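Inspection log for the structure reproduced underneath, given as structure tokens.
Throughout, read-outs are computed from the coordinates displayed, never taken from laboratory work. Everything numeric in this text was worked out from a predicted model, so none of it was measured. We place every Cβ from the backbone using ideal geometry, glycine too, and count neighbours over all the protein chains shown.
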Amino acid sequence: MPLIDKPLAELYTYEGRNPRPNDFDAFWDRELAAMRALDPQIELVPASFQVAHAECFDLFFTGDRSARVYAKLLRPKKRAGKHPAVVMFHGYSGDSGDWNDKLAYVSQGFTVAALDCRGQAGRSEDKGGVKGNTLNGHIIRGLADAGPETLLFKSIFLDTAQLVRIVMAMDGVDENRVGVLGGSQGGGLTLACAALEPRVRRVAPAFPFLCDYRRVWEMDLAVNAYAELKDYFRRTDPNHLREDATFERLGYIDVQFLAPRIRGEVLMGVGLMDTICPPSSQFAAYNKIPAAKNLVIYPDFGHEGLPGFNDRVFEFMMKL
């Protein structure tokens, strides 16, 4: 089999290259406590899109740093007792997508929510307010500030957990039967969400982004989705005098270090020809998950649609 990364046997034992901050757990415990204390000021507005068997809403809530965050919310019109829910996360630079592609879950009795990541193509608010370079990417936003509190993906990670908590508290939703899913950025957010809200029972990421930044850099794959890493060094640290400190700061938003918090069952898809999010970076997170897990490997596929994987995920969520 052709290789663009480590052999498969080594991938299953790979533990990552990016440094983990010493106060990583304390940092996230503080951020979670602040999130839980926040009044989300939830607003549900009937959407212009409506169908016979579902209620569709524009959902707004107040998230980290007082930003107003948007998600699509759909729920079955006929609800008998408690029912499951699924929360969806989109790829980098995108949005929550169309309403119609959520209806398969609603038809099976699920409430569905789909987040618009702040500062990307959807309707969520990005408060900004950081120092330094914010050109061409969200990974680097906040890196020049004094502490990790302003990293944009810190806020986005918290948005995912807060949205799931809001859904879990909704009338008719069984808080013990909630799943999360997404691909690429959405895959990374799926893992982060399940880590920050460990009541999530089913976790289905595909080729997750936001894992093991230093490994991506060392493979010379700081291009495409990770191009901002190279741009950041070229513009702010051309001699790499702060390289170690930069990667350690990025460690606060490295999904591999959140993965040990996951308690829900995981179904993950990975293509071994992925040059956008290299397999080793994904395995760095997968190998740290202590919960029940299953990896679906596509040897000849890269960062693209994985045939049959969405059907596997649908069947996986049906077991909630």
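What percent do you get for the relative contact order of the chain when only Cα pairs under 8 Å and 6+ apart count? Numbers along the way, then the final one.
Working: 679 pairs, mean separation 60.2, N = 320.
Contact order relative to length: 19 percent.
Structure remark: mean-square fluctuation, Gaussian network model of the chain, C-alpha springs under 10 Å; the largest value among L11, L250, L196 belongs to L11. For region 191-320, what does the alpha-carbon gyration tensor say about shape, rounded, prolate or oblate, given a ≥ b ≥ c as the root eigenvalues, a/c under 1.5 as rounded, and a/b over b/c as prolate? Since a/c reaches 1.5 but b/c is at least a/b, the shape of region 191-320 is classed as oblate.
Using a 7 Å offset from Cα along Cα-Cβ at L295, what residues in region 256-271 end up with backbone N under 13 Å from the label point? Hits in region 256-271 for L295 at 13 Å: 267-271.
Restriction of the chymotrypsin sites (Phe, Trp or Tyr not before Pro) in region 1-73 to DSSP coil positions whose beta-carbon has at most 16 other beta-carbons within 10 angstrom yields Y12, F49. Place a +1 charge on the Cβ of each Lys and Arg in the chain and a -1 charge on the Cβ of each Asp and Glu, then give the dipole magnitude about the Cα centre in debye, rounded to the nearest 20. The dipole magnitude comes to about 720 debye. When the Cα atoms of region 245-320 are aligned to their principal axes, the ranges along those axes come out at 42, 29, 15 Å in descending order. Charged neighbours of A52, selected by a Cβ distance under 12 Å, balance to +1 (K, R count +1; D, E count -1).
For region 62-101, the Cα gyration tensor yields ellipsoid semi-axes of 24, 16, 9 Å (square root of five times each eigenvalue, largest first, whole Å). A dipole drawn for the chain from +1 and -1 charges on Cβ atoms has a positive end, and of A114, G16, P76 the residue lying farthest that way is P76.
Counting only DSSP beta bridges with both residues in region 8-318, the antiparallel share comes to about 45 percent.
Lysine pairs in region 8-318 whose alpha-carbon atoms fall under 26 angstrom of each other, counting only those eight or more residues apart or on distinct chains, come to 15. Once a ≥ b ≥ c are taken as the square roots of the eigenvalues of the Cα gyration tensor of region 1-110, is the result rounded (a/c under 1.5), prolate (a/b larger than b/c) or oblate (a/b not larger than b/c)? Oblate, because a/c is 1.5 or more while a/b does not exceed b/c. Between region 258-320 and region 97-128, the alpha-carbon centres lie 21 Å apart.
For the chain, what is the per residue volume of the convex hull drawn over the alpha-carbon atoms, in cubic angstrom?
Working: hull volume 38.7 nm³, N = 320.
Value for the chain: 121 Å³ per residue.
How many angstrom separate the Cα center of region 145-171 from the Cα center of region 200-224? A separation of 19 Å, based on Cα centres.
Largest GNM mean-square fluctuation across P278, P307, P40, computed for the chain with C-alpha springs under 10 Å, falls on P307. Angle of helix 24-37 to the longest C-alpha principal axis of the chain, folded into 0 to 90 degrees and rounded to 10: 30°. Basic side chains Lys and Arg get +1 at the Cβ, acidic Asp and Glu get -1 at the Cβ, and with that the dipole of region 99-175 about its Cα centre reaches some 320 debye. Ordering V255, S280, I166 by the projection of their Cα atoms onto the charge dipole of region 8-318, which places +1 on the Cβ of Lys and Arg and -1 on the Cβ of Asp and Glu, puts I166 at the extreme positive end.
Restriction of the trypsin sites (Lys or Arg not before Pro) in region 216-317 to DSSP coil positions whose beta-carbon has at most 14 other beta-carbons within 10 angstrom yields R242. Would any residue of region 112-134 have its amide N under 18 Å from a label point 7 Å out along Cα→Cβ of H240? List them or say none. The answer is none.
Modelled spin labels at E218 and F49, positioned 7 Å past Cα toward Cβ, are 4.3 nm from each other.
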